[in-house]
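This report concerns only the one structure given below.
Where a number appears in this text, it was derived from the coordinates with a stated rule and is not lab data. Quantities reported herein were computed from a predicted structural model and do not represent experimental measurements. Note: ideal-geometry Cβ built from the backbone for every residue, glycine included; neighbour counts use all protein chains shown.
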Amino acid sequence: MKKSSAIGAPLANYLAAKRVGNMLYLSGVIAVDPAARKVVTAYNDLPLEAQTQLQTLGYNTGQMSVDIFEAPAAAQSWFVLNRIKDIVEAEGGQMKDVFKLVQYFRDLRHYPAYNRVRGLFCPEPVVSTVVEVSRMLPSDEVLIEVEATALLAQ
């Protein structure tokens with residue numbers, strides 16, 4: 001995999017992605033800012049572009065009583081999917097090349113928010129598996145993990 005400071009390194013001793021021929025396999029991606037080594041939990045943990053995109057979906061309302069409940073799942077969804085996009089693009093692909101996602105949730109009630117955000121990155125349907133798990137590393141703040149498979153041009 002090509003190195004990029006924007007992508008960051010995995011949190012442990014594993015590959016973020018491996019290309020085998022024209023197949024690209026991505027390890028599970030969680031919403032940890034690699035520079036700050038902090039779990040994304042709020043809209044202001046994201047770049048302004050992301051905050052604006054989430055507003056188009058009805059998130060990031062500016063109302064604390066709403067945002068405090070929706071922000072963790074919506075912000076993590078955007079961060080994870082954008083990181084997948086960055087990794088795929090670093091290998092010469094695009095999100096349209098991603099054909100399979102395996103999505104892990106600590107609570108399946110976060111799936112609707114994730115699904116709406118996923119539409120920003122995957123406007124066409126992809127092969128999808130959804131699994132609820134008891135917890136994920138590195139902390140209980142991590143709500144969503146996604147692994148992806150892409151078919152890239154030779």
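Descriptive notes on the structure:
- Using θ = phi - 60° in the Karplus curve 6.51 cos²θ - 1.76 cosθ + 1.60, the 3J(HN,Hα) couplings for the range 137-154 round to 7, x, 7, 6, 6, 6, 9, 9, 9, 9, 10, 9, 10, 10, 10, 9, 5, 5 Hz; x is entered for Gly and Pro.
- Nonlocal amide H pairs with VAL29, under 5 Å, H built at 1.01 Å: VAL146, GLU147
- Estimated FRET transfer efficiency when R0 is 30 angstrom, pair MET64-ASN115 (beta carbons, to 0.05): 0.75
- Rounded D (µm²/s) - the chain, Kirkwood Rh over Cα pairs, Stokes-Einstein at 37 °C, 0.692 mPa s: 210 µm²/s
- Scalar couplings 3J(HN,Hα) for the range 67-72, obtained by applying the Karplus form with A = 6.51, B = -1.76, C = 1.60 to θ = phi - 60°, are 4, 4, 8, 8, 4, x Hz; x denotes Gly and Pro.
- 3J(HN,Hα) along the range 96-113: 5, 7, 6, 10, 9, 10, 10, 10, 10, 10, 5, 9, 5, 5, 7, 4, x, 5 Hz, from the Karplus curve 6.51 cos²θ - 1.76 cosθ + 1.60 with θ = phi - 60°, whole Hz, x for Gly and Pro.
- Helical content of the chain, expressed as a calculated mean residue ellipticity at 222 nm, amounts to -10000 deg cm²/dmol (DSSP H runs of 4 or more residues, -39,500 (n - 2.57) each, divided by residue number, nearest 500).
- Springs join every pair of Cα atoms under 10 Å in this Gaussian network model of the chain, and among GLU124, GLU132, GLU91 the largest mean-square fluctuation is at GLU124.
- Length gained on full extension, LYS38 to VAL130, computed as 0.36 nm times the residue gap minus the Cα-Cα distance: 30.6 nm.
- Cleavage-rule hits, trypsin sites (Lys or Arg not before Pro), the range 57-154, DSSP coil, Cβ neighbours within 10 Å at most 16: ARG135
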